[in-house]
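The values are calculated or read from the model by the stated rules, or taken from the named source; none is laboratory data. The shown structure was predicted, so the numbers you read here are calculated from the model rather than taken from an experiment. Virtual Cβ from ideal backbone geometry, glycine too; neighbours counted across all protein chains shown. Protein only, heavy atoms only, side chains kept; ligands, DNA and RNA dropped before computing areas. Shrake-Rupley method; radii C 1.70, N 1.55, O 1.52, S 1.80 Å.
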Amino acid sequence: MAQHFLLSAASRTLSLRSIYKAGEQAAYEKFCEMRWPETDGEAICPRCSHDEVYNITTRRKFKCKACAHQFSVTSGTIFASRKMDFVDLLAAICIIVNASKGVSMVQLSRDLDCQYKTAFVLAHKLREAMAAEIHTGEVLEGHIEIDGAYFGGHIRPHNEKAKRVDRRLKQHQTGKRRVVIAMREREGRTLPFVGFSEAEGVALANENVSRLSTMSADEASHWDELHMGYHVDRVNHSEIYSDHGKHTNMVESFFSRLRNMVEGQHHHVSPQYLHQYANHSAWLEDNRRTDNGTQAEIIVSNAMGAPVSRQWKGYWQRVS
């Protein structure tokens, strides 16, 4: 039996030990390389794009020779105004990519020896960088599997049996229940969305799936509308999971990872931020055959190319 990729040495090209052994300067240079890959880490002014700058080594800043603008390697990125050392930022990225089912913020704060608030915002900024790679605006092509899974909205039953209510009725719902609708190319991209009803997936498919594509779905009645625009294979999960190539096993694999992340690591996810956890899980699923060193470089590159986060900048101070 072939060895699983995650168990092989090829999947391990980066470790916390190597990051801290290399030190702060090496981590800083890595961020410079990811910010300005076209010049091999040599700074370019973000204001006028001039490539000649003064290097202010005492503060790790640069001053443009043309417009005199002062900037750092993280200026204008999601790491703008950061206070953590670069080696700790790189270590946080390593921890997150190594956690194939996600990592709790309490654990991340302990590993980095920082406040829970710091770990929480940092992780969400990295998820925002991942989302830029997931939601590219390009339509899905080939054979697409579509399905939905519900998260949140749990209602605790009353201690006394006589006072328990039917939690299926709408008047007893909390309003926090959401559905993650995912479309996944076989051997390709995963595209998740968050909605209130799985039936919303029909409109999402019409917007994000090429008309030349074929699709697979389960026997839920709302997927019947997909037949008007696509050739759709249907599989009845009450009878069979895979019927001679007709299945939704790939998108179910994504939901399995997401459930393990939400229920096993985070235990509770606010519906306000469920989309970011879905994007995180989709990114991990799409890069599951990539070694962890390359994964870390991808995230650093995405973060260096992403603008300042308007949602997470000054989150705890309620300033954006």
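Within the shell of other residues whose beta carbon sits under 15 angstrom from the beta carbon of Cys32, the net charge comes to -3, with Lys and Arg scored +1 and Asp and Glu -1. Within the accessible area of the chain, the carbon and sulfur atoms contribute 48%, probe 1.4 Å, all protein chains present. Which of the aspartates and glutamates could a cross-linker span from Lys30 if the Cα-Cα distance has to be under 19 Å and same-chain partners fewer than 8 positions apart are dropped? Straight-distance partners of Lys30: Glu38, Asp40, Glu42, Asp51, Asp85, Asp88, Asp291, Glu297. From the cross-link list Lys125/Lys170; Lys61/Lys101; Lys63/Lys313; Lys101/Lys163, which pairs have alpha carbons spaced over 28 Å apart? Too far apart for the 28 Å limit: Lys125/Lys170; Lys61/Lys101; Lys101/Lys163.
Place a +1 charge on the Cβ of each Lys and Arg in the stretch 168-252 and a -1 charge on the Cβ of each Asp and Glu, then give the dipole magnitude about the Cα centre in debye, rounded to the nearest 20. Around 440 debye, computed over the stretch 168-252. Once all protein chains are placed together, Leu191 keeps about 10 Å² accessible to a 1.4 angstrom probe. Normalising the average separation of contacting C-alpha pairs (under 8 angstrom, six or more residues apart) by the number of residues puts the relative contact order of the chain at 23 percent.
What the stretch 24-177 shows is 56 Å² of accessible area per residue, with the surface traced by a 1.4 Å probe over protein heavy atoms. Looking at the chain, the DSSP beta bridges with both ends there are about 70 percent antiparallel. Each Lys or Arg adds one and each Asp or Glu subtracts one; over the other residues with Cβ under 15 Å from the Cβ of Pro157, this totals +4.
Calculate, for Ala132 and Glu239, the FRET efficiency according to 1/(1 + (r/R0)^6) with r their C-beta to C-beta distance and R0 45 Å; round to the nearest 0.05. So, using R0 = 45 Å, E works out to roughly 0.65. Summing charges over neighbours of Glu263, with a neighbour being any other residue whose Cβ is under 13 Å away from its Cβ, gives +3 when K and R count +1 and D and E count -1.
On a C-alpha basis, how far is the centre of the stretch 102-166 from the centre of the stretch 1-72 in Å? Whole number, if you could? Measuring centre to centre over Cα atoms gives 29 Å. Pop the C-beta distance of Arg12 and Lys163 into the FRET formula with R0 = 41 Å and round what comes out to the nearest 0.05. According to the calculation, E is roughly 0.15. When both the stretch 224-246 and the stretch 269-295 are represented by their alpha-carbon centers, they are found 27 Å apart.
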